[in-house]
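Colleague: Starting off with a structure, shown below.
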Protein chains: 2
Amino acid sequence: MNEQVAGRRARGGGGASRRAERTAVSFETARFIERNIPNFEILNEEALQIIEHNAETILEEIGVNFVENEAALQRWRDAGADVRGERVHIPRGLARKLCSTAPSSFTQHARNPARNVEIGGRNLVLAPVYGPPFVRDMEGGRRYATIADFRNFVKLAYMSKWLHHSGGTVCEPTDVPVNKRHLDMLLAHMTLSDKPFMGSVTAPERAADSVAMAKILFGSDFVDQNTVMTSLVNINSPMTFDGIMMGALETYAAANQASIVSPFIVGGAMAPVTVGGTLTQVLAEVLAGVSYSQLVRAGSPVIAGAFVTSIDMNSGAPTFGTPEASHITYGVGQLVRRLGLPYRSAGAFCGSKLPDAQAAYESANSLNMGLLSGVNFMLHACGWLEGGLVSSYEKFVMDADQLGTLHHMAKGILMDENGQGMDAIREVGPGGHYLGCEHTQANFKTAFWRTDLLDYKPFETWAEEGSRDTMQLANERWKKMLNDYVQPELDVAKTEALEAFVAERKASEPDAFI
Amino acid sequence: MNEQVAGRRARGGGGASRRAERTAVSFETARFIERNIPNFEILNEEALQIIEHNAETILEEIGVNFVENEAALQRWRDAGADVRGERVHIPRGLARKLCSTAPSSFTQHARNPARNVEIGGRNLVLAPVYGPPFVRDMEGGRRYATIADFRNFVKLAYMSKWLHHSGGTVCEPTDVPVNKRHLDMLLAHMTLSDKPFMGSVTAPERAADSVAMAKILFGSDFVDQNTVMTSLVNINSPMTFDGIMMGALETYAAANQASIVSPFIVGGAMAPVTVGGTLTQVLAEVLAGVSYSQLVRAGSPVIAGAFVTSIDMNSGAPTFGTPEASHITYGVGQLVRRLGLPYRSAGAFCGSKLPDAQAAYESANSLNMGLLSGVNFMLHACGWLEGGLVSSYEKFVMDADQLGTLHHMAKGILMDENGQGMDAIREVGPGGHYLGCEHTQANFKTAFWRTDLLDYKPFETWAEEGSRDTMQLANERWKKMLNDYVQPELDVAKTEALEAFVAERKASEPDAFI
């Protein structure tokens, strides 16, 4: 099972540390998933080669745009690309060669080393929802997110056994000025959790702030030599790399911090309506984006992937948990593995307005597909609602519970002597039952995944207890989790230094609201 | 997509037929799924060989029980097994050899030939829930099922585009005497639908009634030469074949009708607590059961498989949609394919009391796993609730809608010139959009799966329309379907003959209620 009890860990010295140990609530966090099952390979070799050939054709003949970014164009010229205006034509083979310097796997450090994650290989790291401007809970309904909500979601992620990562913009704190939000968000991740987190990408100077705060938290030398942030750089499909996002990528790559280079695909709108065409465009975009990260700093860590949704051709609405999104996610996984890069995709996606059956069907479709497609870093693994417009308190804990099924699924089937169970079969024999046998007694505690949320009670008990549906159970659960939350220890000097940095940066410029 | 419009088809001649054509409501039914994607193979060759070796060890050394069935024991003796009391020890290799006469694929005929299904190969045939004594709907809550409910579910299955099969005991009509239910159930399948259906297995004489009624519907010669029923023969795990179930199997095999030979597995109770042990026991049971069908009549059609659930080790409650059930389903699929037999497993399983998020997470986990594990016949593909105690009207249409995702997923990724979409990528170029391009216009109607149930509307529209959740949408949908239902034509003489048979058989014995 590869779980470990990575409980509250005192980081301060002396008395504080001892006090912490006496009063600590031990929160179990599972180790990131190390798959012991194969990936689902939907494309055959011939299809893969067609897509790879066509992607290079796009790069060479059609080209990609690097917008408002003269330095990027110069880097491409220096690398041997044919640059015409803002259009970069990349000769066949060049991008693939440039990508080869990116590591196939890297460690993202957490301030609690027990919570470091290894991104790549056969691993899967799970992080919460990213980006919604709204939140929803059962009593309060749908409303604009605030920094108080943001802190709540950071706490819930910290308390969630199957989440390995604190994420980034778990919701948009709309009550904080746009140009200062990143400071409060980072402060929350750094002080309210000890899991790894993401940096700001909304402007190059905010990426620089993120690096500066990370240096306060981890120490300047440590950050120079290790990856402590993974940040989300979306590509504007089709084939457009804007100056702001690339500016963030440049800042992080130069500081040896990881970026996710990820086309944001709405099939039929920002990519061709066919899966084959979408895969081709995604591969071209990934090749160009990852290459560019390596032009900025060869060897800097990067995650390749795609955010994928399709579109309802009647209404234009984005759709989630669809078979076409699964096709794309399986296919991109194969293409990214052939590039030797860590893969980002999937999440608990849904279009539903409520954490109801629609939300769960769509999310389960996406989560299962994420596991089997070989994803290494899954953003939006819990809490996503309404096409990403809403972070839902109830759905956060529902999805987070389901993430346990991915951990157990990934263990595969053990065929050692205990796994074969022949002694049990001999002992029980035809017509017997296994509940009391020795093999069952020895294994039952760890044999099966167990929910911390869902209802398995007999109908009568369930009815007596109020006939609660999953939303009600989830509502009770997130409230209890927030109530039980205990802040992980952090050296007082570090906390003060982080707070001082935030205060100083906030004071240095006027509030901006767009 | 392999869909076909298999609308209402007049079976009578002359005027009735022409009238039917004028007034016909055309109900689209998708053709059974023909997979163009690989199966997910969780076990490697070494693991498969260990399990196959151990299963033969069980058959030879431990043996299986054929209970209260002297004829069966004699058949086994004649075949070369070592029979001691009711325990049959099957020499290594014998069962596998006997299984080899069972067809790897067979056609189950429907009275509407457009709805025939091919069970085996890379196909997947979907059938509704089987067995619940209760029904539930949003207004009426949970209550004992009646024959009126039964007829409603047969109609809903007939109206459901993605269901290929009418199933069997879609709910238990508890208001009809136990010894006469099968007659009313078969009459409903035969007259209210034109999709293929299942026969009765609760007693050998009820199986004989099923064959007799099928002969009225299809003609005696046709039934002698073709398979028109697939019936569910559960094995009492561990390793016990009771006389009643085997009596039904004998009746069907002798009449060349198909049986599903299927251990009913509650992991940890009726099978070892480890997946490897369960797979071994299931394979032994399948080998023995399928062999026995071939001893009754070599070449008779059979489906091998497993009904799989695990157990909550704290409460003893069965659990659904769990990773362990997925492990077993994937593994059994591989083992059954190596025997060259059609595979039955999976379903829209859940333990939830309501068609809520829990129900949907669990069901989606099961449905996805069912598709990828290579299942050929999926019973319980829609409508299952509360661990199989309840047939839910709302969940029936929710699941039935999700079955569309399996159809589209199974299509795989087309990489012909249209699929590659390079013309579209050239036409649109960096920074453009695909909504208006020629390739999108040519493909958008069939490119993406579309729900007939779920909500994709903008938040504001959804709120104005009453903020309906999935249960409410489903409630409206099943009512509309029943309202729109039009009975498929059937020759009046056949209807009368079937009704006469039912009346005569009912009159021939007193009502029994247990």
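Colleague: List the chymotrypsin sites (Phe, Trp or Tyr not before Pro) in the range B:102-146 that DSSP assigns to loop (not H, G, I, E or B) and whose Cβ has at most 11 other Cβ atoms within 10 Å. Which are they?
Modeller: none
Colleague: Toward the positive end of the charge dipole of the protein assembly as shown, about the Cα centre and with charges on Cβ (Lys, Arg +1; Asp, Glu -1), which of A:Gly383, B:Leu59, B:Tyr361 goes farthest?
Modeller: It is B:Leu59, whose Cα lies furthest towards the positive end.
Colleague: Order of A:436-442, A:289-295 by packing, highest average Cβ count within 10 Å first?
Modeller: A:289-295, A:436-442
Colleague: In whole Hz and in residue order, list the ³J(HN,Hα) couplings for the range B:191-201 that follow from phi through the Karplus curve 6.51 cos²θ - 1.76 cosθ + 1.60, θ = phi - 60°; x for Gly and Pro.
Modeller: 9, 8, 9, 10, 8, x, 8, 10, x, 7, 10
Colleague: Name the residues whose placed amide hydrogens come within less than 5 Å of the amide hydrogen of B:Ile303, ignoring near sequence neighbours (fewer than 5 apart) on the same chain.
Modeller: Those lying under 5 Å, H to H, from B:Ile303 are B:Ser259, B:Ile260, B:Val261.
Colleague: Now a separate question. What nm value, rounded to one decimal, do you get for the distance between B:Ser104 and B:Val178 when each label is placed 7 Å out toward the C-beta?
Modeller: Modelled inter-label distance: 4.3 nm.
Colleague: Ok, one more. Rank A:Leu490, B:Thr251, B:Thr319 by how far each Cα sits towards the positive end of the charge dipole of the protein assembly as shown (+1 on Lys, Arg Cβ; -1 on Asp, Glu Cβ) and give me just the farthest.
Modeller: B:Thr251
Colleague: For the modelled label position 7 Å from the Cα of A:Gln49 along Cα-to-Cβ, which residues of the range A:83-102 have backbone nitrogen atoms closer than 17 Å?
Modeller: Only A:93 fall inside the zone, counting backbone N under 17 Å.
Colleague: Next question. Sort A:Asp511, A:Asp184 so that the residue with the fewest other Cβ atoms within 10 Å of its own Cβ comes first and the one with the most comes last.
Modeller: Sorted ascending by nearby Cβ count, the order is A:Asp511, A:Asp184.
Colleague: Moving on. So for each of A:454-460, A:54-60, A:152-158, A:111-117 I average, over its residues, the number of other beta carbons within 10 Å; can you give me the resulting order with the highest mean first?
Modeller: A:152-158, A:54-60, A:111-117, A:454-460
Colleague: Per residue of A:274-284, how many C-beta atoms from partner chains lie within 10 Å of its own C-beta, taken as a mean?
Modeller: Mean partner shielding for this stretch: 6.
Colleague: Going Cα to Cα from B:Lys180, which aspartates and glutamates come in below 19 Å? Please leave out same-chain ones fewer than 8 positions away.
Modeller: Once the sequence-local aspartates and glutamates are set aside, what remains near B:Lys180 is B:Asp149, B:Glu172, B:Glu205, B:Asp209, B:Glu496, B:Glu499, B:Glu504, B:Glu509, B:Asp511.
Colleague: Across the residues of A:348-355, average count of Cβ atoms on other protein chains within 10 Å?
Modeller: Shielding by partners across A:348-355 averages 4.
Colleague: Sort shortest first the distances from B:Gln441 to its counterpart in every other copy, using label points 7 Å along the Cα-to-beta-carbon line, and give them in nm.
Modeller: With the label placed 7 Å along Cα→Cβ, B:Gln441 yields 7.5 nm.
Colleague: Can you give the relative contact order of the range A:237-283 as a percent, counting alpha carbon pairs under 8 Å and 6+ residues apart?
Modeller: Here the relative contact order equals 38 percent.
Colleague: Excluding same-chain residues fewer than 8 positions from B:Lys195, which lysines have a Cα within less than 19 Å of its Cα?
Modeller: Answer for B:Lys195, where 19 Å is the Cα cut-off: B:Lys155, B:Lys161, B:Lys215, B:Lys494, listed by chain and number.
Colleague: Using each residue's phi in the range B:67-72, evaluate 6.51 cos²θ - 1.76 cosθ + 1.60 at θ = phi - 60° and report the 3J(HN,Hα) Karplus result to the nearest Hz, with x for Gly and Pro.
Modeller: Running phi through 6.51 cos²θ - 1.76 cosθ + 1.60 with θ = phi - 60° gives 9, 6, 7, 4, 4, 5 Hz.
Colleague: Using the Karplus equation 6.51 cos²θ - 1.76 cosθ + 1.60 (θ = phi - 60°), what ³J(HN,Hα) coupling, rounded to whole Hz, does each residue of the range B:496-510 give in order, writing x for Gly and Pro?
Modeller: With the stated coefficients, the range B:496-510 comes to 5, 5, 5, 4, 5, 4, 4, 4, 5, 5, 5, 6, 7, 8, x Hz.
Colleague: Hey, got the dipole for the range B:196-344? About the Cα centre, +1 on K and R Cβ, -1 on D and E Cβ, debye to the nearest 20?
Modeller: The dipole of the range B:196-344 has a size of about 300 debye.
Colleague: Considering the dipole of the protein assembly as shown built from charges on the beta carbon (Lys and Arg +1, Asp and Glu -1) around the Cα centre, which of B:Met213, A:His439, A:Tyr144 is farthest to its positive end?
Modeller: Selected residue: A:His439.
Colleague: If you place +1 on the Cβ of every Lys and Arg, -1 on the Cβ of every Asp and Glu, and leave all else neutral, what size is the dipole of the protein assembly as shown about its Cα centre, to the nearest 20 Debye?
Modeller: 220 debye
Colleague: Sort B:Val428, B:Val397 so that the residue with the fewest other Cβ atoms within 10 Å of its own Cβ comes first and the one with the most comes last.
Modeller: Taking fewest neighbouring Cβ atoms as first place, the list is B:Val428, B:Val397.
All of the numbers you see were taken from the coordinates with simple rules; none came from a lab. Quick caveat: nothing in here was measured; it's all calculated off a predicted structure. Neighbour counts are summed over all protein chains in view; Cβ atoms, including those assigned to glycine, are modelled from backbone coordinates with ideal geometry.
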